[in-house]
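Contents: one structure, followed by commentary.
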Amino acid sequence: MAKAYYANKAKNTRTVPLLEILFMAVETLWSNKLRTGLTMLGVIIGISSVIAITSVGQGVQKSVEQQIQALGTDVLQILAGAARSGNVRQGVGSSSTLTWEDAKAIATQAPSAELVSAYLQRNVQVVYEGQNTSTTVIGTDLNYPEVRNTRPQQGRYFTQEELDIAAQFAIIGPTVQRTLFTQSSNVIGERIRIQGEAYEVIGVMEPKGSQGPTDRDDQIFIPLTSMSKRLVGNNALVGVSVNGILVKSANQEQLEAAQFQVTNLLRLRHNIYPPQADDFRLTNQADIVNTFTSVVGLFTVMIVAIAGISLVVGGIGIANIMLVSVVERTREIGIRKAVGATNSAILNQFLAEAIVISIAGGSIGIGGGIIIAFAAATTFKFPFVISFLSIIVGFALSLSVGLVAGVIPARNAAKLDPINALRSD
């Protein structure tokens, strides 16, 4: 009975039809489900790791790029220098080295600067009736919404006249609205107290989300003049002290020219000459995007390389199982060769089984990786991105693993002497 079965298989394998070989490989693997499943596990873990990590890396990268682009990649940020207490250097912006007058000079004397906005900010306590919160209050001018690409979704921004007279008006962020006004959706006209000073709410900013650890919706905007006179005090020797200046160029190509012009202008205004150090710091938004993209790319490559170890382990597992399978099926191989099966037919049969295992494991791994990536994107609120290149690479890797892992066991099976094989138990 067994001889008839293997003779039948041998006749079919002698002509080596591809479909028949694949069918026989699937049939053999299906008869050993547990062993096949455990063999595929290494490939499944490796491929799903590659797909998931690549997707998460690209999603996080896209999320950060969107956040920075929302602020404007054609924006140059100038921060005040760091104060020193003895030999201890304080944080950037702790010294009063920038003034509103610097911003006005940049607006008129730097040709590449399309819009300029100065700002002064502090973390303060804000109170509304029985509610209070600690938030960031930013005093700024009329150009801030345009430079930062953020505008009120309710109400309005303050006017030039209100800026000139240091009016006590405030535009609050969505987080502040939710925290202070828990029972009311219409907050226009309400009065809040900022460090004991009463301010009328005239607008609510559109939501911008978080940028790293900073919640950009947890802010309040008031006129720079009001911030300087009422909350901070003019602490510069000349003019109104500010923490930073935002410079928007006509386009990203003009940003380097703006950076050069602003640097030289501020050095002249602050009487800084080589080898003296600048008392300000410039940050280019486009450089931040490029740096972050580079870091995330390197991190993704590193993690994918580590995940590749799982594929190597999976390949070794396939090779081991196929070698064991050759030993277990020695008599079968002997019968097939005795009734006419060629070495190439036996080689193709075992090679097909290894490839089927790896392709099946790779397909399951691709599906699992997509599910993991989608779950991560949904949970942590970043864009779900799946690269078709990563799927193609994953599938090619699984195919390669099966091909490489199956060569030695398949060759061993093909080289078996039929007489010795028939003698085995």
* To do: Give me the distance in nm between label points sitting 7 Å out from Cα along the Cα-to-Cβ direction at residue 129 and residue 182, one decimal.
  => 1.1 nm
* Could you please state how large a percent of the accessible area of the stretch 125-242 is carbon and sulfur, counting protein chains only and using a 1.4 Å probe? => 43 percent
* Using only Cα atoms, find the angle between the long axis of helix 255-269 and the longest principal axis of the chain, and express it within 0 to 90 degrees, rounded to the nearest 10. => 40 degrees
* With a 10 Å radius around each residue's Cβ, average the other Cβ atoms per peptide and rank 220-232, 399-411, highest first. => 220-232, 399-411
* Counting alpha carbon pairs within less than 8 Å and at least 6 residues apart, what relative contact order, in whole percent, applies to the chain? -> 29 percent
* Can you give the FRET efficiency for residue 191 and residue 149, using 1/(1 + (r/R0)^6), R0 = 41 Å, r = Cβ-Cβ distance, to the nearest 0.05? -> 0.90
* Can you grab the distance from the C-alpha centre of the stretch 284-308 to the C-alpha centre of the stretch 347-379, Å, no decimals? => 26 Å
* **Cα-based shape type of the stretch 258-403, given that a ≥ b ≥ c are square roots of the gyration tensor eigenvalues and the cut on a/c is 1.5** => prolate
* Structure fact -> Once residue 264 and residue 26 are pulled to full extension, the length gained, defined as 0.36 nm per residue separation minus their Cα-Cα distance, is 78.4 nm
* To do: Calculate I(q)/I(0) for the chain by the Debye formula, one identical point scatterer on each C-alpha and no solvent, and give its log10 at q = 0.09 Å⁻¹ to two decimals.
  => -0.71
* Asked: Quick one: how many Å² of residue 384 are accessible to a 1.4 Å probe, rounded to 10?
  -> 90 Å²
* Please determine, in degrees from 0 to 90 and to the nearest 10, the orientation of helix 33-71 with respect to the longest principal axis defined by the Cα atoms of the chain, where the helix direction is its Cα long axis. => 20 degrees
* Asked: Where does each of 191, 122 land when they are ordered by accessible area, with a 1.4 Å probe and the largest first?
  -> 191, 122
* 20 Å tail of the calculated P(r), the stretch 132-186, as % of Cα pairs -> 31 percent
* **log₁₀ of I(q)/I(0) at q = 0.24, 0.26, 0.28 Å⁻¹ - the stretch 354-425, Debye sum with one point per alpha carbon** => -0.99, -1.06, -1.13
* Quick one: which residues, 5+ away or cross-chain, put their amide H under 5 Å from the amide H of residue 114? H built at 1.01 Å from N. => 248, 249, 250
* Find how much the distance from residue 384 to residue 417 grows on full extension, using 0.36 nm per residue of separation minus their present alpha carbon separation; answer in nm with one decimal. => 6.4 nm
* Considering only DSSP beta bridges with both partners in the chain, what is the antiparallel share in %, to the nearest 5? -> 85 percent
* Between residue 33 and residue 408, what is the spin-label point distance in nm, taking each point 7 Å from the Cα along the Cα→C-beta axis? -> 3.1 nm
* To do: Report the accessible area of residue 45, computed with a 1.4 Å probe over the heavy atoms of all protein chains in place, in Å² rounded to the nearest 10.
  => 80 Å²
* Please give the per residue accessible area of the chain, computed with a probe of 1.4 Å over protein heavy atoms only, in Å². => 50 Å²
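The values are calculated or read from the model by the stated rules, or taken from the named source; none is laboratory data. Just so it is clear, the structure is predicted and the values come from calculations on it, not from any experiment. Ideal geometry is used to build each Cβ from the backbone, glycine not excepted, and the neighbour counts take in all protein chains shown. SASA here: full protein model, heavy atoms, side chains in, ligands and nucleic acids out. Shrake-Rupley method; radii C 1.70, N 1.55, O 1.52, S 1.80 Å.
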